[in-house]
Amino acid sequence: MFEHPLPAMIKPLKLARQEGKLQGHMPLEQLTLLAADCVSNEGTVEADLTLKMEGPRAEIHGSASATVKLVCQRCLDAADVPLKVQIALGFVQTEEQAKELPSSLEPFLLEEEEIPLASLLEQELILALPIVAYHSDCEPFPYQGEEDQAPSSVEEKPNPFAVLEQLKGKVKKTDN
Ligand SMILES: [Zn+2]
């Protein structure tokens, strides 16, 4: 647990030139798009990030984590779901630059010199949200005479690319 709050706004290019570090916490309620997908906006996001220049390109590396409340699909109560993401982003200003990024980096489109750190963190954390959430100790509804059936298809691991596409659509829609 970091003691210091994270800054609300950051200047990625300036921070990268200074090899800046961002270590701290931020209320989940500042990540409005992520919080909108959760039962409650109570909670804390933690991040441990380093910025640097790689040639002409600014990059940010590190990790972020949060525990969010999602609806348990078995009992319909709130369930705590821990999210943790590794972050490796290259800041780009054009689509061309995005295409030139090495495959180890995801693009982050920088439209302003100064951006809310929350928007960067939630872009990554939203992708880590599970499609369905369960309490780990929550019993499934009993089936009647179907105990020998194969496990329900909802428990299969979702295709991560399908999740990504779905969430990209969602982010775009609420971005206006
Ligand atoms: Zn439950």
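The values are calculated or read from the model by the stated rules, or taken from the named source; none is laboratory data. Keep in mind the model is a prediction, meaning the values are calculated, not measured. For neighbour counting, all protein chains shown are included, and Cβ atoms are generated from backbone atoms with ideal geometry for every residue, glycine included.
Taking the range 39-51 as the range and being in contact with a Gly (Cβ under 7 Å, 6 or more places away or on another chain) and surrounded by fewer than 17 Cβ atoms within 10 Å (Cβ to Cβ) as the test, the residues that pass are ASP48, THR50.
To keep it simple, each residue is scored yes or no on (1) surrounded by 16 or more Cβ atoms within 10 Å (Cβ to Cβ); (2) more than 16 Å from the ligand (Cβ to nearest atom).
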{"site": "MET53", "(1), (2)": "no, yes"}
{"site": "GLU59", "(1), (2)": "yes, yes"}
{"site": "SER63", "(1), (2)": "no, yes"}
{"site": "VAL81", "(1), (2)": "yes, no"}
{"site": "ILE87", "(1), (2)": "yes, yes"}
{"site": "LEU117", "(1), (2)": "yes, yes"}
{"site": "ILE126", "(1), (2)": "yes, yes"}
{"site": "TYR134", "(1), (2)": "yes, no"}
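Against the list (1) over 30 Å from SER103 (Cβ atoms); (2) touching a residue at least 24 places away in the same chain (Cβ under 8 Å), the condition ASP80 fails is (2). Is there any pair linking a residue in the range 117-137 that is of a type in the set (Val, Ile, Thr) to one that is within 16 Å of the ligand (Cβ to nearest atom), with Cβ under 8 Å and at least six apart or on different chains, and which? So the pair list comes out as VAL132/GLN73; VAL132/VAL154.
Can you say whether GLN123 is out of contact with any Ser or Thr (no Cβ under 8 Å at 6 or more places or on another chain), part of a helix (DSSP H, G or I) and either at pLDDT below 85 or among the polar types (S, T, N, Q) (or both), as far as the supplied structure shows?
On the way: out of contact with any Ser or Thr (no Cβ under 8 Å at 6 or more places or on another chain): yes; part of a helix (DSSP H, G or I): yes; either at pLDDT below 85 or among the polar types (S, T, N, Q) (or both): yes.
Spelling it out, GLN123 is indeed out of contact with any Ser or Thr (no Cβ under 8 Å at 6 or more places or on another chain), part of a helix (DSSP H, G or I) and either at pLDDT below 85 or among the polar types (S, T, N, Q) (or both).
Out of all the residues in the range 56-76, is one or more closer than 25 Å to GLU112 by Cβ and outside any strand (DSSP E or B)? Yes: one or more hits.
So is GLU95 at pLDDT below 95 and over 25 Å from ASP137 (Cβ atoms) or not? When the stated conditions are applied, GLU95 passes them.
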